[in-house]
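Worksheet: the structure to be examined is printed underneath.
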Amino acid sequence: MIEFAEARALVLAAAKALPAETVPLARALGRTLARDVKAREAVPPFAKATMDGYAVRAADTLAAPAAALAVVDDLPAGRLSRRALGPGQAARIMTGAPLPRGADAVVMAEDAERSEGGVLVRRAVRPGDNIGLAGEDLKRGETAVDRGAVIGPAEIGMLAAANLRRVPVVRRPRVAVIATGDEVVEAGGRKRRGQIRNANGPALTAMAVRAGAEARYLGIARDRPAALAAKLARARGYDAVVLSGGVSVGDHDLVKEELPAAGVEPVFWRVRIKPGKPVFFGRRGRQLVFGLPGNPASALVTFLLFVEPALAAMLGRPGPAPATVTAVLAEDITVKDDRTQFLRGVVVEPGPVLRVAPYGDQRSGVLRSMVRSRVLIVVPGGARRVEAGREVETIFLDGR
Ligand code: AMP
Ligand code: MG
């Protein structure tokens, strides 16, 4: 049995970054950028008005509230002015229109009064007021979005503004998910007495998708060597395989024997954590193989602790994953053994100081604890008691 930190280091050492591929920007949501992407154009491409009003030479407005200027041009967005502003001149200008040469500020429409052939400026402006400069958001050639960033709506907008139509992203890790157990049947299928519904197959597949993988659910392997061997054969070629169940010391727990028989080289089995002690990790060539416990809460927690960081590393996302956030404990915690505990916890107060408390029922078969909780509260191995008011590290269950 090894410690959590050692187990995680072994997983991370085995997880290698995947190659890049190019996708249209419209398909890039949620993907991870493979390289720094540089702006092909300056954003904005020219100096522009950021308010509707009058483009002016700021020095001409010092006589406000009675600065009279001649209006010599009318500039809607999209039109380039052909004439430069001379002293005493202004141009009607709309938000987004290029600033005419000679102008260095815009007087807001609300601070100006149209008069015969001109405009009265009621409030003086300084150079730079109400204008945006060329390249102030992004210079041409400057990095628009960094490698390792997960592409969200803002990144898509920025990349489009910088004139990128296709972007280099890391190939999604391909993950095969296998449930095991003679007692497990799919939702919707016929269930005999003594059988239960398959929670882990769908839940672990969803975890993989949320983590940025292309997940394929391969169904339930019965607790017979041939059944498991057949599923493992189908899982060849995937970057990772995630199995649930059968990793304990029960009579029908086959995973840790059958995995080596299928060519999986064990790296570790059993980690000093709670929940999730019987977790297995091994390699089959470049493929990473995770045997997670069958209890649904343990399966989800060990996915978060071991599979998620491996997928993040394959995607080239900057670590560490999952990120921890410091919180203050709202209730005393008493622990019965020396393993590192990952207690499912609720947020008692979201801020200004994050306050958390353990969820009432910590049994690893209780899936409701995962639905109701928002964090895992980390209690380091050996700490038998942590008092209310102490700082603790937490991991958000939503994987952010
Ligand atoms: P195991 O790790 O196979 O010994 O399973 C531990 C517990 O988790 C048992 O109560 C199983 O019935 C339950 N279990 C195993 N696989 C699943 C699954 N896919 N969905 C829900 N519960 C499961
Ligand atoms: Mg089982």
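The values are calculated or read from the model by the stated rules, or taken from the named source; none is laboratory data. Only a predicted model underlies this, so the values are computations on that prediction, with no experimental measurement involved. Glycine also receives a Cβ, built like all others from the backbone with ideal geometry; neighbour counts cover every protein chain displayed. Just the protein is used for accessible areas: all its heavy atoms, side chains included, with ligands, DNA and RNA removed. Shrake-Rupley method; radii C 1.70, N 1.55, O 1.52, S 1.80 Å.
What to note about this one:
- Meets criteria (assigned by TED's automatic domain parsing to the domain that holds Val279 and more than 30 Å from Ala162 (Cβ to Cβ)) for Leu12: yes
- Test: residue in segment 314-337 that is farther than 21 Å from Gly382 by Cβ and of a type in the set (Asp, Glu): no
- Ala230 vs. criteria without any contact (Cβ under 8 Å) to a residue 24 or more places away in the chain, part of a helix (DSSP H, G or I), farther than 15 Å from Val177 by Cβ and away from ligand 2 (no atom under 16 Å from the Cβ): yes
- Pairing each residue of segment 346-367 that is under 16 Å from Leu329 (Cα atoms) with any residue that is assigned to a loop (DSSP other than H, G, I, E, B), provided the two are 6+ apart or on different chains, yields C-beta distances under 6 Å for Val346/Tyr359; Val346/Ser373; Val347/Arg374; Val348/Ala330; Arg355/Ala330; Ala357/Ala330; Ala357/Glu331; Tyr359/Ser373.
- The residues in segment 290-318 that are away from ligand 1 (no atom under 16 Å from the Cβ) and closer than 12 Å to Val11 by Cβ can be counted, and the count is 8.
- Residues being β-branched (Val, Ile, Thr) and either within 23 Å of Ala34 (Cα to Cα) or buried (at least 24 other Cβ atoms within 10 Å of the Cβ) (or both) - total across segment 331-345: 0
- Residue ranges of strands (runs of 3 or more DSSP E) in segment 140-212 with at least 2 members within 16 Å of ligand 2 (Cβ to nearest atom): 174-180
- Count of segment 89-98 residues which are assigned to a loop (DSSP other than H, G, I, E, B) and open to solvent by 30 Å² or more (accessible area, probe 1.4 Å): 2
- Subset of segment 305-344 [basic (Lys, Arg), over 25 Å from Asp239 (Cβ atoms) and out of contact with any Lys or Arg (no Cβ under 7 Å at 6 or more places or on another chain)]: Lys336, Arg344
- Of residues in segment 158-182 being basic (Lys, Arg) and more than 23 Å from Pro309 (Cβ to Cβ), the one surrounded by the most Cβ atoms within 10 Å (Cβ to Cβ): Arg166
- Take the conditions (1) away from ligand 1 (no atom under 13 Å from the Cβ); (2) more than 17 Å from Gly399 (Cα to Cα); (3) among the β-branched types (Val, Ile, Thr); Val209 misses just one of them, which is (2).
- Subset tally (residues that are among the small types (Gly, Ala, Ser), in contact with a strand residue (DSSP E or B) (Cβ under 8 Å, 6 or more places away or on another chain) and modelled with pLDDT under 95) for segment 299-357: 2
- Counting only residues that are within 18 Å of Val289 (Cβ to Cβ) and assigned to a strand (DSSP E or B), segment 1-28 holds 1 of them.
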